[in-house]
Amino acid sequence: MRFNEGETFFPTNIENFLEQSSLYDGDGMLIKDEVTPQDLANYPDSENYLALDDDAVEPHDYNVYASVATARNDWIVIQYWFFYVYDDKPLAGKHEGDWEMIQIELTPYGDPLFVGYSQHYGGEWAYWWDIERDGDRPVVYVSRGGHASYFESGSKEYVVTRDHHHGDGIIIHPRFEPDYNITMLETQDWLKFKGRWGADSRSVPGPVFRHSKPIEKLPSGPVAYIWIEPVYWMQESLKLWDG
């Protein structure tokens, strides 16, 4: 993962966020402070939401969540999810709690064929052999503040601003410092939580309930749930990368 110069938020484990957050119901009534992952499983309603404490600090231990599933026709889908404490992209709606991800589709024989990168509520897909890789790992260029994932270094228009993803900042890599842990998602009870990962209206739900709807296809475009419909998400919601 190659971050833009000036990035201040990096993928971390959700415990770092929860221990600095409180859980509220849809009426704004406090359910629990000093939240634990089990609390999210106990209070999963979609109207509930998390809110960062005023004195919250950015953690500096890096974590990536992973999921492996079998799709139709025995294709294998690997998803890597990145949780950020805060999205501080100027002019595009700053908010607490940011989930982004990438996806790799493999044939039943285990050969990678397609790759999809989420970019806010849309994204792009590409053929495995067309993308930049470091050995057998795809390279991800992460946009400053908004954390969208891109296949190459550059800058791209987004709504009323631009995504800058030059890769000229910190590099997080499993083979050298700073490295990161990988946590399997399927074992996490908090996946049942349907609410928002932040107090802001733009804060998003977690992986199981995260959907994709590209800006250019609103309001009538397809809504694809990334976790539940990974193949449909890539085929119907993403654009083919023109790099």
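The values are calculated or read from the model by the stated rules, or taken from the named source; none is laboratory data. Keep in mind the model is a prediction, meaning the values are calculated, not measured. Using ideal geometry, Cβ is built from the backbone for each residue, glycine included, and neighbour counts are taken over all protein chains shown.
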Hits in segment 190-210 - residues which are buried (at least 20 other Cβ atoms within 10 Å of the Cβ) and in a loop (DSSP other than H, G, I, E, B):
F193, G195, W197, G198, S203, V204, G206, R210
Could you list, in sequence order, the residues of segment 104-125 that are farther than 25 Å from L50 by Cβ and in a strand (DSSP E or B)?
I104, E105, L106, P112, L113, F114, V115, G116, Y117, E124, W125
Can you tell me how many residues within segment 211-243 are among the basic types (K, R) and either modelled with pLDDT of 85 or more or in a helix (DSSP H, G or I) (or both)?
2
Do you know which residues across segment 86-125 are farther than 19 Å from K156 by Cα, touching an Asp or Glu at 6+ places or on another chain (Cβ under 6 Å) and surrounded by 22 or more Cβ atoms within 10 Å (Cβ to Cβ)?
E96, D98
With the condition kept exactly as written, say whether any residue in segment 84-106 is within 30 Å of G145 (Cα to Cα), at pLDDT 95 or above, of a type in the set (D, E) and touching a Phe, Trp or Tyr at 6+ places or on another chain (Cβ under 6 Å).
yes
In segment 32-65, the residues that are closer than 13 Å to G195 by Cα and assigned to a strand (DSSP E or B)
Y49, L50, A51
Near pairs, Cβ below 7 angstrom, 6+ apart or cross-chain, from segment 1-23 (closer than 14 Å to E100 by Cα) to any residue that is of a type in the set (S, T, N, Q)
P11/N63; T12/N63; N13/N63; N13/T183
Which of the residues belonging to segment 126-161 are at pLDDT below 95, buried (at least 18 other Cβ atoms within 10 Å of the Cβ) and part of a strand (DSSP E or B)?
Y158
Determine, yes or no, whether Q79 is modelled with pLDDT of 90 or more and in a helix (DSSP H, G or I).
no
